[in-house]
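Participant: Okay, here's the structure, questions in a sec.
The values are calculated or read from the model by the stated rules, or taken from the named source; none is laboratory data. No experiment lies behind these values; they were computed from the predicted model shown. Every residue, glycine as well, gets a Cβ built from its backbone with ideal geometry; the counts of neighbours run over all protein chains shown.
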Amino acid sequence: MNAHPQPQACPSAFAAGREIGRYGSAEAGPTLVATGGLHGNEPGGVVALGRVFRELAERKPAMKGQLLGLVGNSCALARSTRFVDEDMNRVWTKAGVEALRRQDPSQDHSEQREQRELLALLDPLLEAAAANPRRRAMLLDLHSTSGGGPPFIVMGDTLQNRELAFALKAPVLLGLEENIEGTLIEYFAAGGNVAVVLEGGQNEDPRTADNHESAIWIALVACGLLDAAQVPELERHRARLTAAASGVPGVIEVVHRHDIAPENEPHFRMLPGLKGFMQIEKGRLLAHDGPHAQAQVTAPFSGVLLMPRYQPKGLDGFFMGKTIEPFWLRMSAVLRKLRMERVISLLPGVQQNHHGPNTLAVDPKIARFFTLEFFHLLGYRKHVEHEQRLVFSRRNDRL
């Protein structure tokens, strides 16, 4: 990693401590980690966690496990900017984390210092979860968007993630991790742990913190840390998220990301008035990407617009997706429980890849009838394209 000048101290209470709160005991059961402010212009999760911990302190319910609330990027929060030196939700690749561990801490830039502090808290939880199933670790990462729209869930499609994601009563996006590398949920879920993101709404909208607060209470019940009777307003929290996402498809597969070149980042402009989950026709003008107004970006197909960028930083211009019918989700759960992945390497054009037993290499010329969606049904994600073959790695379902 490149050395950067030591950042100035953060002029904010956010810098005073990494922990927003800790309630319950890890010895009593699983730990739900809730992170807010991984992007510094998204404060809603931090606000919501403060509310939840205050209410827990007043009510003092017996908890079968632990809730741990963490600030993601304290310096960026202090400056109300997405990040200071590097996007904090793109640094969690295996190679990136290993490089950080080798690096002299005195050379850390702002986000590397933040990440090092988070790793010191998260890694012991992940190690305990790997050693003892009773000490499961789960992550609810609270975010918001610059473009607005209803709250929604992002997850890697594992059966254990589905249980929490669908309990949150918001639309679910699948496949986003195939378009973005280095997210915190990807790192956290690598060992088969539950990890989901809730995008709660628009960054500055006060309703976003309300949505985050509701999601935390619902997650505490869904993860078994509290009983439903211990959350008197549980139905109101569920109704809030359901109403906020009314009329939006339940599950959407993300199939396209508009990648902004670093040199074009200051020039990218979405057309005004676009919002998440709008239905967009193929060819519609969506943005200008470059120093000249004629650098037009149009929709590559008819589908659902997701997360249009209306903020000055970030290389994700927008995403587009397609609706998935509930039948295919039910079918995929059945196929996974039957362990159909054990015979998939026997199909024509499919072979085990040298990277490991959970990795397949697919020749698209031979296996032309086996679509990307078919492999997704069995829990695989497209990892790379290598030597004219598609390489898929399998997510870890806990059956």
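Participant: Could you check region 184-199 and list, in sequence order, the residues that are in contact with a Lys or Arg (Cβ under 8 Å, 6 or more places away or on another chain), of a type in the set (Gly, Ala, Ser) and not in a loop (DSSP other than H, G, I, E, B)?
Facilitator: ALA189
Participant: Can you tell me how many residues in region 293-324 are surrounded by fewer than 14 Cβ atoms within 10 Å (Cβ to Cβ) and touching a residue at least 24 places away in the same chain (Cβ under 8 Å)?
Facilitator: Counting residues in region 293-324 that are surrounded by fewer than 14 Cβ atoms within 10 Å (Cβ to Cβ) and touching a residue at least 24 places away in the same chain (Cβ under 8 Å) gives 2.
Participant: Let me ask something else about it. Return the only residue of GLY37, GLY50 being at positive phi and in the same structural domain as THR208 (by TED's automatic domain parsing).
Facilitator: Values: GLY50 fails: at positive phi.
After ruling out the rest, the residue left standing is GLY37.
Participant: Please go through (1) under 18 Å from GLY37 (Cα atoms); (2) out of contact with any His (no Cβ under 9 Å at 6 or more places or on another chain); (3) modelled with pLDDT of 95 or more for LEU164 and return the number of the only condition it doesn't satisfy.
Facilitator: For LEU164, the exception is condition (1).
Participant: Can you say whether ILE153 is buried (at least 18 other Cβ atoms within 10 Å of the Cβ) and not in a strand (DSSP E or B), as far as the supplied structure shows? Show your work before the answer.
Facilitator: Values: buried (at least 18 other Cβ atoms within 10 Å of the Cβ): yes; not in a strand (DSSP E or B): no.
So ILE153 fails the test.
Participant: Shifting gears a bit: Would you mind finding the one in ARG135, ARG90, ARG82, ARG113 that is assigned by TED's automatic domain parsing to the domain that holds THR208, in contact with a strand residue (DSSP E or B) (Cβ under 8 Å, 6 or more places away or on another chain) and basic (Lys, Arg)?
Facilitator: Values: ARG90 fails: in contact with a strand residue (DSSP E or B) (Cβ under 8 Å, 6 or more places away or on another chain); ARG82 fails: in contact with a strand residue (DSSP E or B) (Cβ under 8 Å, 6 or more places away or on another chain); ARG113 fails: in contact with a strand residue (DSSP E or B) (Cβ under 8 Å, 6 or more places away or on another chain).
None of the others qualify; the one that does is ARG135.
Participant: Can you tell me which residues in region 14-67 are assigned to a helix (DSSP H, G or I), within 26 Å of TYR187 (Cα to Cα) and touching an Asp or Glu at 6+ places or on another chain (Cβ under 7 Å)?
Facilitator: ALA48, VAL52
Participant: Same structure again: Any idea how many residues of region 263-292 are surrounded by 16 or more Cβ atoms within 10 Å (Cβ to Cβ) and more than 23 Å from GLU199 (Cα to Cα)?
Facilitator: Number of matching residues: 4.
Participant: Consider PRO151 carefully, then state whether it is in contact with a Phe, Trp or Tyr (Cβ under 6 Å, 6 or more places away or on another chain), within 30 Å of LEU306 (Cβ to Cβ) and either outside the structural domain of ALA76 (by TED's automatic domain parsing) or touching a residue at least 24 places away in the same chain (Cβ under 8 Å) (or both).
Facilitator: So PRO151 fails the test.
Participant: Conditions: (1) under 27 Å from ALA76 (Cα atoms); (2) touching an Asp or Glu at 6+ places or on another chain (Cβ under 9 Å). PHE319 meets all but one. Number of the miss?
Facilitator: (2)
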